[in-house]
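Everything below concerns the one structure shown next.
All of the numbers you see were taken from the coordinates with simple rules; none came from a lab. What you see is a predicted model, and the numbers here were worked out from it, not measured in a lab. Note that we place each Cβ from the backbone using ideal geometry, even for glycine, and neighbour counts take in every protein chain shown.
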Amino acid sequence: MKKMWKLASAIVAGAVLFSGSVASAQWGDLKMTFKVEGKAPVMQKLKVDKDPQVCAKMPILDEAFVVGKDGGVQNVIVYLVAEKGKKVKVHESYDADKDAKVELDNKNCQFVPHVVTVRTGQTLVLKNSDPVGHNSKLDFLTNTPQNPIIPANGEFPIKPGDLSKGEKRATPVSCSIHPWMTGWVLVQDHPYMAVSDENGVVEIKNLPVGKHTFQVWQEQVGNVNATGNKKVKFNKGKVEIEIKAGENDLGELNVKPKA
C-alpha cells in the first residue's frame, strides 16, 4: 500500500513539474540595445521665453535624440504589433498593474518622462509639479484628444474610458503655454511595449512564444531601420522576431541620427 502511495505521489509530482515546464516554455523575454551610429548629435539648448523665474532655472535641451555616455540611444520605442482581428495573449505577471496609474509630469517646464507608455485599462495622470500653470495637449487619433489646463501643483487624470483603444503610433504631447515642451505617449491594448533607457537597452518580459512583428520608432529618426544584426531585417521600422522560451537578446543595434 505504501509503495502504491509513493508511486502515485511521484506521478503527481512529475505531472506538476511537467506542466510547470510546459507553462514556462510558452513565454520568452526580448532584449535589444540601441547604439548611435557615427557621431552623436549635440543636444541644442531650447529658447525659454515664458515664466523664466521657473523655466529658466536650468538649461532646457532638445531631447529629440538623446545619447548616453556609452553611446546608448535613449527613448527608442519598441512595441508588439498585433495581428489584425487577433487579441494578444498576455502573461499573468502583467495582471498586477493592468489598472495602475501612469504619471506624465510637467516638471521644470519639461515633460517627465519624455516618453511614456500606457496600456488600455490604465489611468494616465497628467501632473504639474511646477508653481506655474501648464496644459498637456494630446492629439490622439483613435482615442478622444485631450487638452486640459493643469494648475500649479495640480493634476488631471485621463481615465480608462477615454483611453480604451490602442494607437497605431506614439502620440505627441505639447504645452501651448510653453511651446518648447514636447513629449510622447504610446497607448496600446497590450503591455508588450518598452522605451530604451539611458544605456539604450530595451527589455520586454514574458512574451508569448512564436513569431511576432515589432515596431521600432524614435522621435528624430521616425521608423528605425536598425543595423548590426544580420539575422533580423527591418522594413519601415518593423521587424519580425521569433520569440523562443527564455531570453532572446538581439545584441547591439545601430541607429543613425538624421544629419
What's the FRET efficiency of Ala259 with Val201 using the Cβ-Cβ distance as r and R₀ = 30 Å, to the nearest 0.05? 0.70
With r as the distance between the Cβ atoms of Lys98 and Asp49 and R0 = 41 Å, compute the FRET efficiency 1/(1 + (r/R0)^6) and round to 0.05. 0.45
Additional length obtainable on full extension of the chain from Ala56 to Val209, 0.36 nm per residue less Cα span: 50.2 nm
By how many nm would the segment from Thr142 to Ala245 grow when fully extended, if each residue of separation counts as 0.36 nm and the alpha-carbon distance is taken off? 33.7 nm
Which one, Lys230, Lys47, Lys205, has the greatest fluctuation when you compute a Gaussian network model over the chain with C-alpha springs under 10 angstrom? Lys230
Max mean-square fluctuation residue, GNM over the chain, Cα-Cα springs under 10 Å, options Val36, Val88, Val73: Val88
Of Lys168/Lys205; Lys89/Lys137; Lys231/Lys258; Lys205/Lys230; Lys101/Lys256, those spanning more than 29 Å from alpha-carbon to alpha-carbon: Lys89/Lys137; Lys101/Lys256
GNM result for the chain, Cα springs below 10 Å: residue of Asp29, Asp249, Asp70 fluctuating most strongly: Asp70
State the label only: which of (i) 26, 23, 17; (ii) 40, 24, 16; (iii) 35, 24, 21 corresponds to semi-axes √(5λ) of the Cα gyration tensor in Å computed from the shown model? (ii)
Could you work out how far apart the two model spin labels at Lys87 and Gln220 are, taking each label as a point 7 Å from the Cα in the direction of the beta carbon, and quote it in nm? 4.1 nm
